[in-house]
Amino acid sequence: MGVKIRLTAVEEIPENGSFLFTVRERDGTREEVILVRGEGCIEAWKNFCQHETDQRLDRGFGAAMREGEIICPKHGSMFDACSGYCDNGKAAGSTLVPVDVTVDDGVVYLTDDECAFLHEGGIEDDDGMPGSSSHLTF
């Protein structure tokens, strides 16, 4: 594990929604990630449905969630917030792509060596200001 980058406090993650942030992957591409509270877990997943990778789970106002599951807004497939696994709908049998995070003393940190934190919000929320990617570390 490399450097820990502070994302947010656990209390800032909606109980039925998500905390959206953007990372840069090793190949230079930007990717959106959602941070969610499941039943007994805090997990981060890349922000797309496994059935259609251009379908975002959080479209900028929080992922739809019910009873510990993330709901795809297009087809209604439901992914377990803790395991990322889907057992219904068009995405049945697939699992969301994980991003490593750690919770320490009520704070969530990005700990995934494969990506670097860019900013809160979605890709289009990048302000383009110098330093917006100052947290880049590999």
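The values are calculated or read from the model by the stated rules, or taken from the named source; none is laboratory data. Keep in mind the model is a prediction, meaning the values are calculated, not measured. Glycine also receives a Cβ, built like all others from the backbone with ideal geometry; neighbour counts cover every protein chain displayed. Protein only, heavy atoms only, side chains kept; ligands, DNA and RNA dropped before computing areas. Shrake-Rupley method; radii C 1.70, N 1.55, O 1.52, S 1.80 Å.
Listing for the model above:
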quantity: The range 92-115, subset among the hydrophobic types (A, V, I, L, M, F, W, C) and within 29 Å of residue 52 (Cβ to Cβ), residue nearest to the chain's Cα centre (by Cα); calculated: 99
quantity: Matching residues in the range 56-83 - criterion: being open to solvent by 30 Å² or more (accessible area, probe 1.4 Å) and assigned to a loop (DSSP other than H, G, I, E, B); calculated: 56, 59, 60, 61, 67, 73, 74, 75, 76, 82, 83
quantity: Residue 3 being under 16 Å from residue 109 (Cβ atoms) and open to solvent by less than 70 Å² (accessible area, probe 1.4 Å); calculated: no
quantity: Positions within the range 24-42 being closer than 19 Å to residue 79 by Cβ and either assigned to a loop (DSSP other than H, G, I, E, B) or not acidic (Asp, Glu) (or both), in sequence order; calculated: 33, 34, 35, 36, 37, 38, 39, 40, 41, 42
